Amino acid sequence: MGTIVSARRGLVVLAIVLASCRADVTSADGLLWQVRDRAGAVCGHLFGTLHLCDRSCFPLPSKAVQAFDGADILVLELDPRAAGAAEALDAAGRLPGGERLDALLPPADAGRLAQAFEKVGIEPSRMQRMRPWLAGTVLAVAAAARAGFDARFGVEPWLAARAQGRGIELMALETVDRQVAALSAAGMAAQLESLRQTIDMILDDEVRDYFEQIRDAWRDGDGEALLALMNEGADPALLAPMTEAVIDQRNREMAQRIAGLGCGARRYFAAVGGAHFGGERGLLRELGRAGLTVAPVP
């Protein structure tokens, strides 16, 4: 994403499971790949999505829409109709009784946290029982929404509605509980650092610029720019626990489930957050290890 982004943003992206793509290959018409088995039979397509976007993310790239309209199954990370997501997040994201979020931070950081909550219109008192990962998620999503980037304009809801209109099957790669477990699995040090960095981004008025860069690079299918946004100046040791929990482990699991769909008469269109695709432990490599060939759509 020529990048003017600070190092902290890699953690912010992971904290809210944003789709910024660490891609080794890109498509000329968006982040779209075709999946084949060892015999060369076409199994389906993969498409890198943004979970938060603005109105300018639509219409989707024409080749992606064509691939989707030729599919028999829509595969998403999570079924948007799944019940209990809010309740599961609330239960997993609560601190033990008597603990407060601001007490986990040095006084200066606690003061900045209160400023960040005020800036995005959140009442600080209702956030004090949240673990850092959940507070950071709520804070980042609220800041993104104020900048015009909202889950309502994410790619998955549009695809789900179109699948329903076409009457095709919708399959989920994960459950609500699995996603919540991933979000809450990173250690406290990584959670607190991610929260601090989200606070800094909000108070430094960098939110809109950052999401616009993500959107533009995604729309252009520019994997190199997206890679720069994810990795610029980031401390690998600090990122490691969150990357493993939120990205790498889930990549292995999702690749096995996609490979399990096979290459029969019914083709799938799998739409997954772009952060999962690239890198040595990315979804593309994991699908290759599962015996599939993944290539950008020409």
Looking at the stretch 256-267, can you tell me whether even one residue there is of a type in the set (D, E, K, R), assigned to a loop (DSSP other than H, G, I, E, B) and more than 30 Å from residue 189 (Cβ to Cβ)?
yes
Being in a loop (DSSP other than H, G, I, E, B), within 23 Å of residue 113 (Cβ to Cβ) and at pLDDT below 85 is the filter here; which residues of the stretch 165-223 pass it?
186, 187
May I ask you to say which residue of 111, 84, 98, 93 is surrounded by fewer than 16 Cβ atoms within 10 Å (Cβ to Cβ) and within 20 Å of the chain's Cα centre (by Cα)?
84
Per the filter on the stretch 91-126, residues within 20 Å of residue 147 (Cβ to Cβ) and in a helix (DSSP H, G or I) are 112, 113, 115, 116, 117, 118, 119
Residue 157 meets each of (1) surrounded by fewer than 18 Cβ atoms within 10 Å (Cβ to Cβ); (2) touching an Asp or Glu at 6+ places or on another chain (Cβ under 8 Å) with one exception, condition (2)
Take the conditions touching an Asp or Glu at 6+ places or on another chain (Cβ under 8 Å) and either surrounded by 15 or more Cβ atoms within 10 Å (Cβ to Cβ) or modelled with pLDDT under 95 (or both) and apply them to residue 122. Does it pass?
no
Only one of (1) out of contact with any strand residue (DSSP E or B) (no Cβ under 6 Å at 6 or more places or on another chain); (2) more than 21 Å from residue 65 (Cα to Cα) is not met by residue 152, so which one is it?
(2)
Restricting to the stretch 15-53, what's the tally of residues that are in a loop (DSSP other than H, G, I, E, B), modelled with pLDDT of 85 or more and touching a strand residue (DSSP E or B) at 6+ places or on another chain (Cβ under 7 Å)?
3
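Quick check on the stretch 58-81: of everything there that is assigned to a helix (DSSP H, G or I) and charged (D, E, K, R), which residue is surrounded by the most Cβ atoms within 10 Å (Cβ to Cβ)? Steps first, answer last, please.
Initially, the stretch 58-81 is screened for residues assigned to a helix (DSSP H, G or I), giving 62-69.
Still in the running and charged (D, E, K, R): 63, 69.
Values: 63: 17, 69: 11.
Result: 63.
The values are calculated or read from the model by the stated rules, or taken from the named source; none is laboratory data. Here the structure is a predicted model, which is why all the values come from computation and not from measurement. When we count neighbours, we look across all protein chains shown, and the Cβ atoms used for this are built from the backbone with ideal geometry, even at glycine.
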